[in-house]
1. Quick check on this structure: which one of ALA25, ALA29 is crowded, with 16+ Cβ neighbours inside 10 Å, touching a residue at least 40 places away in the same chain (Cβ under 8 Å) and not in a helix (DSSP H, G or I)?
2. So, in the range 82-104, how many residues would count as being over 12 Å from LEU22 (Cβ atoms) and open to solvent by less than 30 Å² (accessible area, probe 1.4 Å)?
3. Residues being of a type in the set (S, T, N, Q) and either in contact with a Cys (Cβ under 7 Å, 6 or more places away or on another chain) or crowded, with 16+ Cβ neighbours inside 10 Å (or both): count how many of those fall in the range 42-59.
4. Looking at the range 32-48 only, could you name the residues that are within 11 Å of VAL63 (Cα to Cα) and part of a loop (DSSP other than H, G, I, E, B)?
5. Could you tell me whether the range 60-81 includes any residue that is open to solvent by 30 Å² or more (accessible area, probe 1.4 Å), without any contact (Cβ under 8 Å) to a residue 40 or more places away in the chain and in a loop (DSSP other than H, G, I, E, B)?
6. Quick check, is ALA2 within 30 Å of ILE109 (Cα to Cα), in contact (Cβ under 8 Å) with a residue 24 or more places away in the chain and surrounded by 17 or more Cβ atoms within 10 Å (Cβ to Cβ)?
7. Pick from the range 82-136 the residues that are assigned to a helix (DSSP H, G or I) and acidic (Asp, Glu): which of them is nearest to VAL154 (Cα to Cα)?
Amino acid sequence: MADKTVLEKRIHFLLILFIIALVLAGVTAIPLQYELALLTRWFGIDSFMLRIFPSMAEWISLVNDSVQQGYGQYPLLAYGTDWLAFAHIVIAVAFIGPLRDPIKNLWVIEFGMIACLLIIPWALIFGMVRAIPFFWILIDMSFGIFGVIPLWVVRRDILALIKQL
């Protein structure tokens, strides 16, 4: 069985990493117009990506055109991504509880794991409904997979701490 200090340090490190990832995922939703314009310059239909992965280049350019036109004509649409950013930050704040007291806040870790796993059917269902290319649905689903891994380790370590009590 792992030493209590090692478990606590690993829990702390992984939770900080998870919180930072959530906050970064959130705040990058705010300057979406600028980011997509940059992404399109690098990987859109006028870039090298068209030769390597044409459907990706076309998709990036289509998303950029849609956001630029949508936000340009209806700036209120950006308000939706502002709230998306806010939701990510609020969820990140919830993980401060397990940072302070992992055992008492194990439920937050389990909530996060459930949320990560729910990304998979959510992306599949709404990706198909919105005619999102399957390769992009896979990218969206990867956030759930990569999110659940550190939370699974944290949960395992918290349960190990509980056994040591």
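The values are calculated or read from the model by the stated rules, or taken from the named source; none is laboratory data. Remember, it's a predicted structure, so these values are computed and weren't measured experimentally. Backbone-built Cβ (ideal geometry, glycine too); neighbour counts: all protein chains shown. Just the protein is used for accessible areas: all its heavy atoms, side chains included, with ligands, DNA and RNA removed. Shrake-Rupley method; radii C 1.70, N 1.55, O 1.52, S 1.80 Å.
1. On the way: ALA25 fails: not in a helix (DSSP H, G or I).
Exactly one of ALA25, ALA29 is crowded, with 16+ Cβ neighbours inside 10 Å, touching a residue at least 40 places away in the same chain (Cβ under 8 Å) and not in a helix (DSSP H, G or I), namely ALA29.
2. Taking the range 82-104 as the starting set, the residues that turn out to be over 12 Å from LEU22 (Cβ atoms) are 82-83, 97-104.
With the extra rule that they be open to solvent by less than 30 Å² (accessible area, probe 1.4 Å), the set shrinks to 97-98, 102.
Residues meeting the conditions: 3.
3. As a first pass, look at the range 42-59 and keep what is of a type in the set (S, T, N, Q): 47, 55.
Still in the running and either in contact with a Cys (Cβ under 7 Å, 6 or more places away or on another chain) or crowded, with 16+ Cβ neighbours inside 10 Å (or both): 47.
Qualifying residue count for the region: 1.
4. Answer for the range 32-48, where residues must be within 11 Å of VAL63 (Cα to Cα) and part of a loop (DSSP other than H, G, I, E, B): just GLY44.
5. yes
6. Details: within 30 Å of ILE109 (Cα to Cα): yes; in contact (Cβ under 8 Å) with a residue 24 or more places away in the chain: yes; surrounded by 17 or more Cβ atoms within 10 Å (Cβ to Cβ): no.
No, not satisfied.
7. Quick first cut of the range 82-136, residues assigned to a helix (DSSP H, G or I) only: 82-94, 96-100, 106-129, 134-136.
Narrowing the set further to residues that are acidic (Asp, Glu) leaves 82, 110.
Working: ASP82: 30, GLU110: 10 Å.
That would be GLU110.
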